[in-house]
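Below: one structure, written as structure tokens.
The values are calculated or read from the model by the stated rules, or taken from the named source; none is laboratory data. Being a predicted model, the structure only gives us computed values, none of them experimental. Neighbour counts are summed over all protein chains in view; Cβ atoms, including those assigned to glycine, are modelled from backbone coordinates with ideal geometry. Side chains are part of the model used for accessible areas, which takes the heavy atoms of the whole protein and leaves out ligands, DNA and RNA. Shrake-Rupley method; radii C 1.70, N 1.55, O 1.52, S 1.80 Å.
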Amino acid sequence: MGQPAPRYEGRAKVTGEARYPSDVRLPRTAHACLHLSRIGRGTIRGFDLTAARAVHGVIDILTHETVGDAIRQTPAIYQGGYTSDSLLPLGSAEIAHWGQPIAMVVAETYEAAREAAQRIVVTTAPHPSPAVDINAPGAETRALEPMMVQAGDFDAAYAAGPIRIDARYTTPAQHQNPMELFATQCVWEGDRLTVHEPSQYVNSVKFGLAEQLGVPADNIRVISTHVGGAFGAKGFLTQRTALVAIAARRLGRPVKLVATREQGFTVSGYRAETRQHVQLAATRDGRLTALRHEGWELTSRADTVAMGGASMTTRLYACPNILGRVNTVAADRSTPGFMRAPGEVPYGFALETALDELADRLGMDPVELRRVNDTQTEPVGGLPYTSRSLMRCFDVAAATFGWSGRSPRPGSMREGDWLIGWGCASAYYPAQAGNSAARVRLTADGTAHVASAGHELGQGMTTMMAQVAAEELGVPLERVTVSLGDSDLPPAVVNGGSAGTASVASAIMIACDAIRARLGVPRDAPYAALRAAVAASGLAFVEELGEARAHGRSPESLPDMYRGRALPLGGVELPDRVQFAMGAQFVELRIHRWTREIRVRRAVGAFAAGRIINPRTSHSQLLGGMIWGIGSALHEHTDIDQRNAAYTNANLADYLVPVHADISEIQAILVSEEDRLVNQAGVKGVGEIGVVGVAAAISNAVFHATGRRLRDLPIKLEHLL
Ligand code: MOS
């Protein structure tokens with residue numbers, strides 16, 4: 001561990017040998033294509049399927065009229081269930097939002113299914129004035145009391161504050177847009193169903209589908225060996241899976257669905273748009289005396305979903321008087337969900353920009369402002385951080401960046417026609433873990449095999465699993481093989497919330513401990529002694545199951561893990577302590593004096609996240625995160641049609657993500673940190689922290705370059721004209 005081992009599945013990926021779920025070829029496969037609503041909220045009056053049925057090769061068309069009660073209503077994850085939203089798939093004539101699946105064609109070929117889906121004629125009665133976004137008059141605001149954070153007396157302290165900041169920020173709707181589309185293949189063999197689907201949580205799909213279809217969970221197997229990007233969008237069961245499963249059952253053939261890029265914008269969740277209000281008061285030497293952060297997040301009518309980032313932003317800095325609030329605003333939209341540091345990216349943008357505004361007002365260096373307010377105890381409950389290396393990250397990143405060479409006055413750094421802007425911000429992400437299990441087998445020939453449902457999202461889970469088993473047992477890495485991404489394997493946490501490595505590594509360590517204990521081999525025994533012990537045991541292999549219970553979870557929660565309910569826990573949610581990975585982001589921009597073109601010239605991030613099992617894959621994760629951070633600041637936003645809430649840029653030509661030309665010099669630094677408390681593995685996770693803080697560092701750099709404070713993302717050149 002700690003070695004930069006090359007990616008376990010790298011060869012399979014670059015040679016094309018790796019089979020993603022939609023690559024799996026099953027004999028006699030029929031192809032499905034969804035038909036999505038082309039109106040916003042409304043009602044279906046009827047279908048004319050004549051033209052669709054006339055397409056050569058069409059086999060079956062599912063609508064709410066033909067599906068009947070084949071799919072049961074089940075609760076969404078937000079109510080303790082399994083689904084990513086609570087709309088029943090093809091459940092009724094009611095349309096909740098534009099892009100809702102309202103029919104599915106099954107045909108002999110993909111082309112026939114797609115053509116027929118386009119020929120479906122639907123008579124509809126649109127709602128006269130659907131609420132399309134967070135600012136729409138018909139949208140319904142609701143305060144979420146459980147997400148309220150309070151300490152001291154904010155109002156009095158703010159009123160008395162010598163220096164005050166009061167600012168409002170907005171962040172846009174965004175879509176994850178993983179390269180791999182939303183695909184599902186289902187095949188029944190008798191009453192047993194196998195699902196091939198890219199997923200961050202195969203066990204949750206299995207148990208959710210069992211509830212929806214009313215079949216025993218033991219009869220369902222979900223396989224997701226490789227995932228071509230997920231970013232939160234493949235975390236939980238979406239409507240498509242049950243539809244493909246019942247189509248396959250009706251036909252007695254395998255059915256394959258690959259939703260188009262455009263359909264992907266509404267068949268899974270997305271990052272909801274937010275409005276935010278931050279108020280800060282501070283002494284003249286920069287100590288915070290009052291901090292208020294309130295957020296409004298868009299949600300659907302059907303589901304109250306909130307990422308609730310204010311519960312974290314209110315607890316990052318020392319401050320005696322705190323108020324945090326979160327509200328949802330329900331509109332006629334599809335249910336939002338998780339995307340790349342879902343709470344931390346939007347809320348972190350607002351808080352870290354507000355701090356920069358405060359630093360400017362105080363005439364103080366923004367790094368020093370964070371140092372003055374740094375703390376090792378969370379300010380609301382007084383709980384200790386298990387470890388916190390925020391200022392070490394700032395020191396390392398600032399030195400690498402050359403921050404001491406900054407001329408603080410806005411607009412004072414120039415090169416020819418380019419205005420130069422330097423900005424920085426804190427990054428933070430809760431160190432979370434969820435209950436997970438892993439099985440390790442040590443064979444008499446000296447090889448080891450490690451298995452856990454886990455998930456390889458491209459983040460390096462497979463490599464990490466092999467490394468942990470190799471090191472814990474003392475087996476050479478090349479003699480370790482790995483199985484994952486299969487609900488038949490010991491269950492693992494949802495691979496979200498940056499909790500995968502911490503959770504699964506802990507389970508592998510427990511299994512390896514048990515193997516060594518059984519063989520009577522001490523921890524640092526040489527490989528030869530381990531092999532000799534297996535041979536002497538007379539067994540062909542020794543195998544143990546490790547079950548890791550996350551800190552804060554009760555012993556009674558372990559059975560839940562076996563029912564697809566292992567969710568991450570950490571951050572500020574624990575009764576006895578606070579757990580965060582921390583980092584510092586620095587950005588240099590150049591903005592053209594006349595055209596206002598904005599280019600990120602370099603970005604330096606330094607991150608302390610406990611133990612790093614593989615610096616190579618972790619470094620890649622962090623670089624990827626920082627690039628997404630640049631996207632979240634300057635490129636990514638989903639356009640919403642004000643008539644019907646259609647997403648009008650639902651393709652990769654119009655929905656901009658950062659490309660090579662947008663990224664020049666980028667550096668991610670791993671700052672060493674030891675945390676023995678956080679979990680068995682000492683791992684905090686690096687999946688999402690790289691994204692956090694980049695947008696604020698960029699908006700702060702824009703201010704430094706131009707003197708213009710932009711509080712609405714994404715920042716575009718037209719905002720600087
Ligand atoms: Mo991530 S948005 O927690 O999958």
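Kindly evaluate LEU656 against the criterion of being in contact with a helix residue (DSSP H, G or I) (Cβ under 7 Å, 6 or more places away or on another chain) and surrounded by 15 or more Cβ atoms within 10 Å (Cβ to Cβ). Here the answer is no, as LEU656 does not meet what is asked.
Mind checking whether some residue in segment 507-518 is assigned to a loop (DSSP other than H, G, I, E, B) and either on the phi < 0 side of the Ramachandran plot or within 15 Å of the ligand (Cβ to nearest atom) (or both)? No, segment 507-518 contains no residue that is assigned to a loop (DSSP other than H, G, I, E, B) and either on the phi < 0 side of the Ramachandran plot or within 15 Å of the ligand (Cβ to nearest atom) (or both).
Of all the criteria given as (1) under 31 Å from the mean Cα position of the chain (by Cα); (2) of a type in the set (Lys, Arg); (3) over 30 Å from GLY324 (Cβ atoms), the one not satisfied by ARG409 is (1). Summed over segment 14-25, residues that are more than 23 Å from GLN200 (Cβ to Cβ) and in contact (Cβ under 8 Å) with a residue 24 or more places away in the chain total 0.
Of the residues making up segment 671-702, those that are within 16 Å of the ligand (Cβ to nearest atom) and farther than 18 Å from PHE231 by Cβ are VAL683, LYS684. Only one of the listed residues (ALA668, ALA705) is of a type outside the set (Asp, Glu), away from the ligand (no atom under 16 Å from the Cβ) and assigned to a helix (DSSP H, G or I). That residue is ALA705. For PRO6, the stated conditions do not hold, so it cannot be described as in contact (Cβ under 8 Å) with a residue 12 or more places away in the chain and open to solvent by less than 20 Å² (accessible area, probe 1.4 Å). Of all residues in segment 250-267, those that are at positive phi have Cβ atoms under 9 Å from Cβ atoms of residues that are outside any helix (DSSP H, G or I) and of a type in the set (Phe, Trp, Tyr), 6 or more apart or on another chain, in GLY252/TRP188.
Looking at segment 438-449, can you tell me whether even one residue there is touching a Cys at 6+ places or on another chain (Cβ under 7 Å), open to solvent by less than 10 Å² (accessible area, probe 1.4 Å) and at pLDDT 95 or above? The answer is yes, given that some residue of segment 438-449 is touching a Cys at 6+ places or on another chain (Cβ under 7 Å), open to solvent by less than 10 Å² (accessible area, probe 1.4 Å) and at pLDDT 95 or above. Is there a residue being within 16 Å of the ligand (Cβ to nearest atom), not in a loop (DSSP other than H, G, I, E, B) and not hydroxyl-bearing (Ser, Thr, Tyr) anywhere in segment 175-192? No; the residues of segment 175-192 include none that is within 16 Å of the ligand (Cβ to nearest atom), not in a loop (DSSP other than H, G, I, E, B) and not hydroxyl-bearing (Ser, Thr, Tyr). Being of a type outside the set (A, V, I, L, M, F, W, C) and open to solvent by less than 20 Å² (accessible area, probe 1.4 Å): is that true of GLN73 here? Judged against the criteria, GLN73 is not a match. Give the number of residues within segment 599-626 that are open to solvent by 10 Å² or more (accessible area, probe 1.4 Å) and among the small types (Gly, Ala, Ser). Summing the residues that are open to solvent by 10 Å² or more (accessible area, probe 1.4 Å) and among the small types (Gly, Ala, Ser) in segment 599-626 gives 3. For the criterion of being away from the ligand (no atom under 16 Å from the Cβ), open to solvent by 20 Å² or more (accessible area, probe 1.4 Å), of a type in the set (A, V, I, L, M) and in contact (Cβ under 8 Å) with a residue 40 or more places away in the chain, LEU90 fails. Among strands (runs of 3 or more DSSP E) entirely within segment 194-294, having at least 1 residues that are surrounded by fewer than 24 Cβ atoms within 10 Å (Cβ to Cβ) and in contact with an Asp or Glu (Cβ under 7 Å, 6 or more places away or on another chain) singles out 220-223, 274-282.
Here is a list: ALA540, ALA502. Which entry is more than 26 Å from ASN435 (Cβ to Cβ) and in contact (Cβ under 8 Å) with a residue 24 or more places away in the chain?
Working: ALA502 fails: more than 26 Å from ASN435 (Cβ to Cβ).
Exactly one residue qualifies, and that residue is ALA540.
To keep it simple, each residue is scored yes or no on (1) modelled with pLDDT under 95; (2) within 16 Å of the ligand (Cβ to nearest atom); (3) surrounded by fewer than 20 Cβ atoms within 10 Å (Cβ to Cβ); (4) closer than 21 Å to GLY460 by Cα.
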site: PRO526; (1), (2), (3), (4): yes, no, yes, no
site: ALA535; (1), (2), (3), (4): yes, no, yes, no
site: GLY546; (1), (2), (3), (4): no, no, no, yes
site: PRO555; (1), (2), (3), (4): yes, no, yes, no
site: ARG577; (1), (2), (3), (4): no, no, yes, no
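Of the strands (runs of 3 or more DSSP E) that lie entirely inside segment 46-128, those containing 2 or more residues that are under 30 Å from PRO27 (Cβ atoms) span 58-62, 101-107. Of all residues assigned to segment 307-326, none qualifies as being more than 23 Å from TYR385 (Cα to Cα), in contact (Cβ under 8 Å) with a residue 60 or more places away in the chain and within 16 Å of the ligand (Cβ to nearest atom).
Across segment 131-158, the qualifying residues are those that are in a strand (DSSP E or B) and among the charged types (D, E, K, R), and the one among them that is surrounded by the fewest Cβ atoms within 10 Å (Cβ to Cβ) is GLU140.
For ILE663, indicate whether it is open to solvent by less than 20 Å² (accessible area, probe 1.4 Å), within 24 Å of LEU457 (Cβ to Cβ) and β-branched (Val, Ile, Thr). First the steps, then the outcome.
Details: open to solvent by less than 20 Å² (accessible area, probe 1.4 Å): no; within 24 Å of LEU457 (Cβ to Cβ): yes; β-branched (Val, Ile, Thr): yes.
The answer is no for ILE663.
For segment 340-369, the set of residues classified as surrounded by fewer than 24 Cβ atoms within 10 Å (Cβ to Cβ) and basic (Lys, Arg) consists of ARG361 only.
Would segment 480-492 turn up any residue that is open to solvent by less than 10 Å² (accessible area, probe 1.4 Å), within 16 Å of the ligand (Cβ to nearest atom) and among the aliphatic types (A, V, I, L, M)? Yes; the residues of segment 480-492 include at least one that is open to solvent by less than 10 Å² (accessible area, probe 1.4 Å), within 16 Å of the ligand (Cβ to nearest atom) and among the aliphatic types (A, V, I, L, M).
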